[in-house]
Amino acid sequence: MTISPDVETFAFTPDNEAEARAHIAKYPAGRQASAVLPLLDLAQAQHGGWLPRAALDYVAAFLEMPQIRVYEVATFYDMFNTEPTAPCQVRICTTTPCWLCGSEAIVAAVESALGCKVGENTADGRFYLREFECLGACANAPMMWIDDDFYEDLTPETATAVVEALKRGEQPKPGPQNGRNGAMPIGGKTSLLEF
């Protein structure tokens, strides 16, 4: 895998077009623009991790909405990349709860494992490393989001193990990396025991 090139034209694959139409069908008639987020996500995944202008224009036409509105969405939400990046996105949360729990050490460990700094692609063009604002799993801090999976309760060692597994082409198990079940205390439930 390498960084996808810029393109003059873009169109969904047949499978992605079917998925896009399924997203649009969730909204009332005339409100298809409400599906802009999932369609941009589909386009970004299809194009290898970033949205060239041709993909933005295609999504605008597909949803029958002004191009500027799609550009606004794609540049507002940090999960969308409008410049070339590697296809595998490694995002480390550095917001206050994760920072208090050691995200600086996670960043350093992942930079070392990938051989690149935050904001850079790896030399082989497979991974793009970035800091990210709150990912909503503060109870399981520190954490990182890689493609569609969250890895939580990280230490420098477990973060490195996740990245090394990905580099080998393996799919590490997402979720807490310390054995806890979801956001439950490590020792198990402490309340609501009758449910």
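The values are calculated or read from the model by the stated rules, or taken from the named source; none is laboratory data. Predicted, not measured: the structure shown is a model, and the values here were computed from it. Positions of Cβ are backbone-derived with ideal geometry, glycine not excepted, and every protein chain shown enters the neighbour counts.
Can you name every residue in the stretch 126-164 that is closer than 22 Å to residue 179 by Cβ and touching a Ser or Thr at 6+ places or on another chain (Cβ under 7 Å)?
142 - this is the single residue of the stretch 126-164 that is closer than 22 Å to residue 179 by Cβ and touching a Ser or Thr at 6+ places or on another chain (Cβ under 7 Å).
If the requirement is being buried (at least 20 other Cβ atoms within 10 Å of the Cβ) and touching a Lys or Arg at 6+ places or on another chain (Cβ under 9 Å), which of these qualifies: 55, 35, 43? I'd like the intermediate steps shown before the answer.
Numbers: 55 fails: touching a Lys or Arg at 6+ places or on another chain (Cβ under 9 Å); 43 fails: touching a Lys or Arg at 6+ places or on another chain (Cβ under 9 Å).
The conditions single out 35.
Considering every residue within the stretch 7-26, establish whether at least one is within 26 Å of residue 172 (Cβ to Cβ) and among the small types (Gly, Ala, Ser).
no
If you go through the stretch 150-165 one residue at a time, do you hit one that is within 17 Å of residue 97 (Cα to Cα), out of contact with any strand residue (DSSP E or B) (no Cβ under 9 Å at 6 or more places or on another chain), assigned by TED's automatic domain parsing to the domain that holds residue 120 and at pLDDT 95 or above?
yes
Which one of 115, 125, 136 is within 27 Å of residue 48 (Cα to Cα) and in contact (Cβ under 8 Å) with a residue 24 or more places away in the chain? First the steps, then the outcome.
Values: 115 fails: in contact (Cβ under 8 Å) with a residue 24 or more places away in the chain; 136 fails: in contact (Cβ under 8 Å) with a residue 24 or more places away in the chain.
Exactly one residue qualifies, and that residue is 125.
Criterion first (within 30 Å of residue 122 (Cα to Cα) and either in the same structural domain as residue 126 (by TED's automatic domain parsing) or surrounded by 12 or more Cβ atoms within 10 Å (Cβ to Cβ) (or both)) does residue 74 satisfy it?
Details: within 30 Å of residue 122 (Cα to Cα): yes; either in the same structural domain as residue 126 (by TED's automatic domain parsing) or surrounded by 12 or more Cβ atoms within 10 Å (Cβ to Cβ) (or both): yes.
Yes: the conditions hold for residue 74.
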